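J.: Quick one: structure below, then a few questions.
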Amino acid sequence: MKLVRYGNVGTERPGLMDAEGTLRDLGHVIPDIGPAQLAPDALAQLAALDVSNLPVVSGKPRLGCPVTGVSKFLGIGLNYSDHAAETGSPIPEEPIIFTKTVSCLQGPDDEIMLPKDSTNTDWEVELGIVIGSKAAYVSEADALKYVAGYVLANDVSEREYQLKRGGSWDKGKGCDTFGPLGPWLVTKDEIPDPSQLDLWLDVNGERMQTGHTSKMIFNVIEIVSYVSRFMTLMPGDVIVTGTPPGVGLGMKPPKFLKAGDKVTVGGQGLGTQNQRVVAYHN
């Protein structure tokens, strides 16, 4: 299934995309797409629905973040060897975990707002994992049992805040609008092998990133198991899994986003995002 949340900010309704790409409403079946709806039994009930009986949503409504009730929004850093090389960083021996704020979550086509006085805001196409069941100290053999599905993500990052302002990376990862997810949450049955997905990102129509999840240093199974050793993962938690090469920081000279830029993000089976970059505003 491809689960979506659609409508204006704060009043999104649950829905799904059918096999023909038509948006259908789930509002009379479930209240939203959050932790309770991501449990295996709950997803099985949704999968059993006769989609043809669901109301068709007319027009082209805004798509919101495809999951609500996220308690943790985590990232894995430098998880592609060629991306680590372009940034001049060593290959990590263990996954690098950082936090993105849940307040930066937004829909796939919402505007990216540059932080006030920012000149180093960068792009990062990534595969995101959505947790479906409470996970603590899970083995690699069982890790996928705790996954509800996957999302496309743009891990927007302010490099000066991340790398030059002291402390952890978190300062440059959680600014408002820095967490576009979607357009949909793809349940794991539709992506049997998350290590075989193409990812790409364009800025103003120019291809910047082309990657494949087979190049990840730590795969989805390893990430879920590893992170669960250090914190309990809850239903609805999101982990973005690292970015392939082609970020602005790695270019010579570096290239960063500016107001007016258009960012297009895509992933195999994950859909497409389209974002306009705007200057800071209240």
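FYI, it's all coordinate maths here, none of it is from the lab. The model shown is predicted, which means the values in this text are computed figures rather than measured ones. So basically every Cβ, Gly included, is an ideal-geometry build from the backbone, and we count neighbours across all protein chains shown.
J.: Using R₀ = 22 Å, calculate the FRET efficiency as 1/(1 + (r/R₀)^6) where r is the Cβ-Cβ separation of residue 52 and residue 189; round to 0.05.
T.: Step by step, r from the Cβ atoms, then E = 0.65.
J.: A follow-up question, please. Could you tally the net charge around residue 32, taking each other residue with its Cβ under 13 Å from the Cβ of residue 32, Lys/Arg +1 and Asp/Glu -1?
T.: Result for the local shell: 0.
J.: Filter 60/188; 171/258; 164/258; 145/171; 72/188 down to the pairs with a C-alpha to C-alpha distance above 24 Å, please.
T.: Too far apart for the 24 Å limit: 60/188; 145/171.
J.: Something else about it: Just want the ordering: 230, 178, from fewest to most Cβ atoms lying within 10 Å of their own Cβ.
T.: Going from least to most buried by this count: 230, 178.
J.: Between beta-carbons, use under 15 Å as the cut-off and find the net charge around residue 81, counting Lys and Arg +1, Asp and Glu -1.
T.: Taking every other residue near residue 81 into account, the sum is -4.
J.: Shifting gears a bit: Express in % the proportion of alpha carbon pairs of segment 73-278 at distances exceeding 23 Å.
T.: Result for the distance tail: 38 percent.
J.: Identify which of 49, 257, 23 has the largest mean-square fluctuation in a Gaussian network model of the chain, with springs joining Cα atoms closer than 10 Å.
T.: Comparing 49, 257, 23 in the GNM, the peak value goes to 49.
J.: Now for a separate question. In debye, nearest 20, what is the charge dipole magnitude of segment 55-204 about its Cα centre with +1 on Lys and Arg Cβ and -1 on Asp and Glu Cβ, if you could check?
T.: Dipole magnitude for segment 55-204 comes out near 640 debye.
J.: What are the extents of the Cα atoms of segment 2-53 along their three principal axes, listed from largest to smallest and rounded to whole Å?
T.: Projected onto the principal axes, the Cα atoms of segment 2-53 cover 29, 27, 17 Å.
J.: Only helical DSSP H runs with n ≥ 4 go in: add -39500 (n - 2.57) per run for the chain, normalise by residue count and round the 222 nm mean residue ellipticity to 500 deg cm²/dmol.
T.: Per the formula, -2500 deg cm²/dmol.
J.: Sticking with this one: Under 19 Å from a label point 7 Å along Cα→Cβ of residue 259: give me every residue in segment 106-122 with its amide N that close.
T.: 110-122
J.: Under 8 Å for C-alpha pairs, at least 6 residues apart: give me the relative contact order for segment 73-278, rounded to a whole percent.
T.: Relative contact order for segment 73-278 comes out at 34 percent.
J.: Determine Rg/Rh for segment 1-97; Rg is computed over alpha-carbon atoms and Rh is the Kirkwood hydrodynamic estimate from the same atoms. Numbers along the way, then the final one.
T.: Working: Rg = 18.2 Å, Rh = 15.9 Å.
Rounded to two decimals, Rg over Rh is 1.15.
J.: Next question, about the same structure. Counting Lys and Arg as +1 and Asp and Glu as -1, each charge on the Cβ, what is the dipole of the chain about the Cα centre in debye, to the nearest 20? Display every interim value, and only then the final one.
T.: Values: 25 positive and 34 negative charges, 129 e Å.
The calculated dipole for the chain is roughly 620 debye.
J.: Moving on to the next point. Nearest 5 is fine: what % of DSSP beta bridges in the chain come out antiparallel, could you say?
T.: Beta bridges within the chain, antiparallel portion: roughly 90 percent.
J.: Please list 86-93, 217-224, 137-144 highest first by mean number of surrounding beta-carbon atoms within 10 Å per residue.
T.: Packing order, densest peptide first, comes out as 217-224, 137-144, 86-93.
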